[in-house]
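Chemist: So that we are looking at the same thing, I have put the structure below in structure tokens.
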Amino acid sequence: MVYDVVIVGGSYAGLSAGLQLARGRRKVLVIDAGLRRNRFAQHSHGFLGQDGRAPGDIAAQARAQLLAYPTVEWVDQSAVKAGQCAEGFAVVTADEQRFAARRLIIATGMVDVLPEIPGLAERWGKHVFHCPYCHGYELDGGPIGVLAATQVALHQALMLPDWGPTTLFLNGVFEPDAEQLASLEKRGVTLERERVVSISGHANITLASGRVVELAGVFTQPHMHMASPLPVQLGCEFEAGPMGDFIKVNATRETSVPGVFACGDAAVAAGNVAIAVGDGARTGSAAHQSLIFR
């Protein structure tokens with residue numbers, strides 16, 4: 001069988017793309033390894049109509065709704081190889097199944113590489129975050145820490161005072177220049193230059209001197225890389241993002257490889273459920289129209 005579209009990645013962007021194609025009565029296959037990027041978070045916020053729900057519940061409901069369409073199939077596997085073939089594109093899974101399609105959508109997301117601070121990883125998605133819009137409100141105006149891992153920390157530190165009194169822990173990553181210092185002072189951000197040793201308790205940062213700073217939550221900037229080898233295998237071009245490269249797409253969400261589309265975190269320098277769903281919808285409809293007008 002040759003599918004109209006194979007979607008690699010069945011999280012929010014991939015599900016949304018699939019829904020547009022299913023409603024266009026196209027034959028769709030979703031291949032998904034079951035590793036949502038936000039699987040560490042207990043609640044999802046900022047997504048209209050779903051605010052405060054568990055991320056897994058949102059994804060499970062969306063999957064059930066998508067699979068209610070008779071032209072959609074699903075394979076619970078990792079896609080490990082992809083390339084062009086006579087039918088269009090071929091995708092091979094970890095268990096050596098081969099699937100062919102006229103179009104391919106990459107919705108595999110990103111992997112977060114966290115700062116190597118003891119106690120941080122186990123609090124990721126619970127008390128340590130990356131997105132103020134997703135988690136800032138729930139801190140109830142309490143003290144917030146920004147742990148610098150990249151210079152994007154400056155951007156976070158300037159934003160977060162809207163959610164609570166903010167301390168920027170530079171941790172030796174960079175030193176703000178005079179203009180940046182003035183901006184931080186204007187926003188009321190406290191600077192901390194002591195090295196961060198660990199995070200403990202709820203979200204308490206221990207400094208090299210032994211001093212402990214108690215916080216309602218901590219924000220940081222993980223480095224990111226592609227969750228899948230497929231974009232490189234296919235020859236897709238990339239763009240440099242502030243915390244890692246992402247797939248370059250045009251206005252119709254098509255990559256530099258004709259017939260290959262990309263959506264969600266892998267193609268947008270932002271990690272947010274609402275943005276991923278919107279981007280998936282755009283991508284699914286664009287892939288559908290490419291089947292008609294080419």
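Only the coordinates and a few stated rules stand behind these numbers; no lab work does. If you're wondering where the values come from, they're calculated on a predicted model, not measured in any experiment. Quick reminder, even Gly has a Cβ in these numbers, built from the backbone with ideal geometry, and neighbours come from all protein chains shown.
Chemist: Going by average Cβ neighbours within 10 Å, how do the peptides 280-286, 44-50 rank, with the highest at the top?
Modeler: Details: 280-286: 23.1, 44-50: 16.0.
Descending packing order for the listed peptides: 280-286, 44-50.
Chemist: If you don't mind, another one. Can you tell me the equivalent ellipsoid semi-axes for region 140-274? Use √(5λ) from the Cα gyration tensor, largest first, whole Å.
Modeler: Equivalent ellipsoid of region 140-274: 35, 16, 14 Å, largest first.
Chemist: Could you tell me the distance between the Cα centroids of region 40-90 and region 203-243, to the nearest Å?
Modeler: So the two Cα centres are separated by 23 Å.
Chemist: Ok, one more. With a cut-off of 8 Å between alpha carbons and a minimum separation of six or more residues, what is the relative contact order of region 115-220 in percent?
Modeler: Value for region 115-220: 34 percent.
Chemist: Tell me the mean residue ellipticity at 222 nm calculated for the chain from its helices only (DSSP H runs of n ≥ 4, each -39500 (n - 2.57), averaged over every residue, nearest 500).
Modeler: -7500 deg cm²/dmol
Chemist: Still on this structure, I have one more. At a threshold of 8 angstrom on Cα-Cα distance, excluding pairs fewer than six apart, so keeping six or more, what relative contact order does region 1-151 reach in percent?
Modeler: For region 1-151, the relative contact order is 29 percent.
Chemist: Quick one: length gained pulling I292 to V2 fully straight, 0.36 nm per residue minus the C-alpha distance?
Modeler: Values: separation 290, 0.36 × 290 = 104.40 nm, distance 1.62 nm.
So the chain would gain 102.8 nm between I292 and V2.
Chemist: Can you figure out the FRET efficiency of Y69 with K248, using R₀ = 35 Å and their beta-carbon distance, to the nearest 0.05?
Modeler: The calculated FRET efficiency here is 0.70.
Chemist: In whole angstrom, and with the biggest value first, how far do the Cα coordinates of the chain range along each principal axis?
Modeler: Cα extents, longest axis first: 64, 34, 34 Å.
Chemist: Going through region 68-97, which GluC sites (Glu not before Pro) have at most 15 other Cβ atoms within 10 Å and a DSSP loop state?
Modeler: Values: sites: E73, E87, E96; in loops: E87, E96.
The qualifying sites are E87, E96.
Chemist: For region 115-220, I need the span (max minus min coordinate) of the C-alpha atoms along each principal axis, in Å, sorted largest to smallest.
Modeler: Per principal axis, max minus min of the Cα coordinates gives 35, 30, 21 Å.
Chemist: Given a Förster distance of 30 Å, report the FRET efficiency between S183 and Y133 from their Cβ-Cβ distance, rounded to the nearest 0.05. Don't jump to the answer; show the numbers that get you there.
Modeler: Numbers: r = 20 Å, r/R0 = 0.68.
The pair S183/Y133 has a calculated efficiency of 0.90.
Chemist: Would you please give the residues with an amide H less than 5 Å from that of V80, counting only those at least 5 places away or on a separate chain, with H modeled from the backbone geometry?
Modeler: Answer set, sorted by chain and number: V92, T93, A94.
Chemist: Here is a follow-up. Would you work out the relative contact order for the chain, in percent, from Cα pairs under 8 angstrom that are 6 or more residues apart?
Modeler: Value for the chain: 23 percent.
Chemist: Please list 191-197, 264-270 highest first by mean number of surrounding beta-carbon atoms within 10 Å per residue. Each step should come with its number before you reach the end.
Modeler: Values: 191-197: 16.6, 264-270: 24.6.
So the peptides 191-197, 264-270, ranked by packing, come out 264-270, 191-197.
Chemist: Also: When you count, for each residue, the other Cβ atoms within 10 Å and take the mean per peptide, how do 180-190, 58-68 rank with the highest first?
Modeler: Details: 180-190: 14.1, 58-68: 15.9.
Peptide ranking by packing, descending: 58-68, 180-190.
Chemist: Please give the length that would be gained between D140 and D95 if that part of the chain were fully extended, namely 0.36 nm times their separation in residues minus their C-alpha to C-alpha distance (nm, one decimal).
Modeler: 11.5 nm
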